[in-house]
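Only one structure is covered here, and it is reproduced in the block below.
Derivation of every value follows stated rules applied to the coordinates shown; laboratory data play no part. The structure displayed is predicted, hence computed values, not measured ones. A quick note on method: Cβ atoms are made from the backbone with ideal geometry, for glycine too, and the neighbour counts reach across all protein chains shown.
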Amino acid sequence: MRGIFIAFEGIDGSGITTHSKLLKDRLRSRKLDAIYTKEPSKEAIGTLIYELLMGFYPSLQRNEIYALLFAADRFHHLYIKLPGQPIHPEQGERGLRGVLHYVRDGSIVIMDRYKYSSIAYQTTSKEAAHGINLGDAGEDFVEAVNMYAPPPHILVYLDVDPETAYGRIRSRRGLQMFESAEDLERVKARFNDIILGRLMNTPEYCPGDNKPWLKKLRELVGVSAAELYPGGICYPVVIHVKETPEGKELEEELVSDAIYGAVLVAASEIGYRVDGAILREAEELYKQHDDIVKISIHRR
Ligand code: TYD
């Protein structure tokens with residue numbers, strides 16, 4: 001096993017940015033090579049997405065357009081360039097590395113949002129700016145345009161009460177016109193369906209060579225699925241974090257402890273080598289918080 005690819009998902013206001021950054025800091029403080037990165041990116045396509053999210057370009061306010069742009073931003077991010085990475089013109093294209101090159105080379109890459117956000121958000125119709133309804137892009141379409149996005153090794157799902165999430169967004173940055181508690185409820189229901197209802201219960205194994213992303217991985221990153229996914233396990237281990245059990249908010253540090261412990265325990269279970277003392281500490285933290293954090297691992 002080389003590096004680890006971890007994705008954080010959850011509704012707006014669920015704390016994914018806070019907790020993915022805290023995880024990166026904690027891993028680094030143990031001298032592990034952890035990198036934090038975020039979707040949408042701050043590269044050209046991501047910047048266009050932020051403009052759309054702010055309500056510019058009324059004619060582009062369709063979930064099909066969002067799905068295509070997020071998928072383009074994601075492809076660039078995964079295979080071509082990690083945002084913030086300098087371009088060395090003298091090295092040409094070869095000077096660039098995407099998320100998957102870093103994972104290949106041993107880094108722990110933490111993605112703040114990933115393709116499950118596209119599946120949840122772009123299949124939830126809602127009123128955007130100018131009273132335009134974004135429509136529902138349809139799950140088949142979203143899956144199709146994301147065919148080159150491989151599964152992460154670990155998916156951390158922050159399960160937060162929509163009311164709490166709504167309160168946090170409101171106090172943080174004032175209300176954006178297209179965020180309402182009802183929208184959050186509906187996106188949350190989609191996340192629950194996709195992650196808790198499906199991913200956790202119907203594991204997917206790499207079926208030979210016929211996944212489109214396997215070909216792209218070989219072509220652009222130069223690795224086989226077996227090198228990146230030991231045991232041919234091509235589905236994410238899900239870490240389900242109940243951040244607001246019974247609607248009650250928990251302390252940030254407690255949740256961060258739970259996530260850190262669970263991530264290292266899960267990483268070790270799927271073959272990433274974790275140093276003995278670090279693993280023991282992680283197991284202890286995971287055990288202490290097993291009421292709010294659960295790891296779901298399917299074995300063959
Ligand atoms: P967010 O993480 O909230 O960005 P910021 O913290 O910078 O405001 O992401 C922006 C929005 O984009 C958020 O509402 C979720 C949405 N989104 C999608 O609709 N589809 C996607 O594929 C992704 C990654 C995000």
Worksheet entry | Residue-averaged 222 nm ellipticity for the chain, from DSSP H runs of 4+ at -39500 (n - 2.57), nearest 500 | -12500 deg cm²/dmol
Discussion item. Compute, for the chain, the length of the dipole vector about the Cα centre, with Cβ point charges of +1 (Lys, Arg) and -1 (Asp, Glu) only. Units Debye, rounded to 20.
Written reply: 900
Worksheet entry | Distance violations [Cα-Cα > 22 Å] among 126/248; 42/115; 115/248 | 126/248; 115/248
Worksheet item: Taking H as built 1.01 Å from N, whose amide H comes closer than 5 Å to the amide H of residue 38, not counting residues under 5 places away?
Response: 112
Worksheet item: Given 31/216; 24/242; 24/215, which pairs have Cα atoms separated by over 23 Å?
Response: 31/216; 24/215
Fill in: Gyration tensor (alpha-carbon) shape descriptor, the range 1-106, a/c threshold 1.5
oblate
Practice prompt. May I ask which residue of 50, 98, 18 lies farthest towards the positive end of the charge dipole of the range 4-296, with charges of +1 (Lys, Arg) and -1 (Asp, Glu) on Cβ and the Cα centre as origin?
Written response: 98
Item to complete: Quick one: which residues, 5 or more positions from residue 33 or on another chain, have an amide H under 5 Å from its amide H? H modelled 1.01 Å from N in the peptide plane, none for Pro or chain starts.
Response: 108
